[in-house]
Amino acid sequence: MSTRTSRAWIGLLPVLVVLVVILVFVFQNPEDVKVSFFTFSGTLPLSVAILGAVILGALMVLALGSVRIFQLRRQVRRKARGVRGEQPSP
């Protein structure tokens, strides 16, 4: 029998695995690298630079996906209004 608590622990397991993988990555890549972005430049640990790039990429995908979902929902609403607003032909 499944309970809310057991489902929460099962849902937490993949998060913990990803966290361990990220920590291993960070600890294995401590070398400093020079990073330049537009007019900003500086040195960061390699792991921080790559994780930052991954996070920025994920945010871009999230933003574009959200815009697309908004467009699709608007299309569905328009079609639903059009179907309800039509009068049956005699």
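The values are calculated or read from the model by the stated rules, or taken from the named source; none is laboratory data. Here the structure is a predicted model, which means the values were calculated and not measured. Cβ: placed from backbone, ideal geometry, glycine included. Neighbour counts: every protein chain shown.
Taking the listed residues Ile69, Ile50, Ile55, the one that is more than 28 Å from Leu23 (Cα to Cα) and either modelled with pLDDT of 95 or more or among the aliphatic types (A, V, I, L, M) (or both) is Ile69, with no other qualifying. Is one or more of the residues making up the range 52-73 over 14 Å from the mean Cα position of the chain (by Cα) and touching a residue at least 12 places away in the same chain (Cβ under 8 Å)? No, the range 52-73 contains no residue that is over 14 Å from the mean Cα position of the chain (by Cα) and touching a residue at least 12 places away in the same chain (Cβ under 8 Å). Please verify whether Val15 is surrounded by 11 or more Cβ atoms within 10 Å (Cβ to Cβ) and either among the aliphatic types (A, V, I, L, M) or in a strand (DSSP E or B) (or both), treating the condition exactly as stated. In short, no. Given the conditions (1) surrounded by 10 or more Cβ atoms within 10 Å (Cβ to Cβ); (2) part of a helix (DSSP H, G or I), and given that Leu44 satisfies all but one, which numbered condition is not satisfied? Of (1) surrounded by 10 or more Cβ atoms within 10 Å (Cβ to Cβ); (2) part of a helix (DSSP H, G or I), only one is false for Leu44: (2).
Among the residues making up the range 30-41, a single one is outside any strand (DSSP E or B) and acidic (Asp, Glu): Glu31.
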